[in-house]
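Everything below concerns the one structure shown next.
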Amino acid sequence: MKISMKIEIELTRETIVRPQIWVSPMEAETGSLVEFYGMVRETEGAEKIAGLNYEAYSSMAEKVMREKIAGLQKRFPCQAIRVVHRLGLVPKGESAIYVGIRSRHRQEGFLLLQEFMDEFKKDVPIWKMK
């Protein structure tokens with residue numbers, strides 16, 4: 001059975017609140033919700049920082065994320081993914097990224113999350129600066 005994954009991507013300058021609440025209803029077959037919050041640490045390398053500044057080519061970043069997710073969906077059939085990335089200055093202790101994945105079982109959600117984040121860090125045109 002082929003699953004069509006719902007993809008929600010948001011680039012924002014607003015604080016990423018916890019917990020995230022999806023407006024779309026859960027599917028009847030959802031058995032797992034995997035969530036990841038990427039936090040800004042108080043150090044970058046060996047240097048103490050107040051926060052990180054994130055900039056992006058928004059339309060290109062969203063396009064690349066959608067392409068990555070479409071490719072990963074073939075290997076990890078999940079129901080939905082929501083990605084929220086904050087742009088601008090993100091103070092230490094706050095979230096720079098949120099990823100939520102709904103799936104029938106936890107394994108495909110965890111695997112999709114790990115692979116997506118690995119590819120995101122390499123290929124998505126979002127840059128961080130101290």
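Key figures
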| read-out | value |
| --- | --- |
| Helix 58-75 axis, angle to the chain major axis (alpha carbon atoms, nearest 10°) | 40 |
| Cα centroid of the range 91-110 to Cα centroid of the range 47-88, whole Å | 11 |
| For the range 57-107, convex hull of alpha carbons as volume per residue, Å³ | 87 |
| Solution diffusion estimate, µm²/s, Stokes-Einstein, the range 8-125, Kirkwood Rh from C-alpha pairs, 4 °C, viscosity 1.567 mPa s | 86 |
| Heavy-atom accessible area ranking, 1.4 Å probe, most first, across H85, H105 | H105, H85 |
| Shape category assigned to the range 38-85 from the gyration tensor of Cα positions, a/c cut at 1.5 | prolate |
| Amide hydrogen neighbours beyond the local backbone of I49, cut-off 5 Å, H modeled | T43, E44 |
| Value at 222 nm in deg cm²/dmol, rounded to 500, when DSSP H runs of n ≥ 4 in the chain each add -39,500 (n - 2.57) | -9500 deg cm²/dmol |
| For a label point 7 Å along the Cα-to-beta-carbon line of T30, residues of the range 67-108 with backbone N under 15 Å | 78-83, 99-106 |
| The range 1-117, accessible area per residue, ligands and nucleic acids excluded (1.4 Å, Å²) | 57 |
| Length-normalised contact order of the range 1-79 in % [C-alpha pairs under 8 Å, at least 6 apart] | 59 |
| Dipole in debye (nearest 20) - the range 69-130, about Cα centre, beta carbon charges: Lys, Arg +1; Asp, Glu -1 | 120 |
| Folded to 0 to 90 degrees: helix 106-123 orientation relative to the chain principal axis, Cα | 40 |
| Net dipole in debye of the range 4-50 [+1 Lys, Arg Cβ; -1 Asp, Glu Cβ; about Cα centre; nearest 20] | 120 |
| Rough spin-label spacing in nm, given labels placed 7 Å along Cα→Cβ, for E67 and T15 | 3.6 |
| Where E8, E42 fall by accessible area, highest first, once all protein chains stay in place (1.4 Å) | E42, E8 |
| Carbon + sulfur, % of accessible area of the chain - ligands and nucleic acids excluded, 1.4 Å | 53 |
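The values are calculated or read from the model by the stated rules, or taken from the named source; none is laboratory data. Since we're looking at a predicted model, the values are computed, not measured. Ideal geometry is used to build each Cβ from the backbone, glycine not excepted, and the neighbour counts take in all protein chains shown. Note: areas computed on protein heavy atoms with side chains; ligands, DNA, RNA excluded. Shrake-Rupley method; radii C 1.70, N 1.55, O 1.52, S 1.80 Å.
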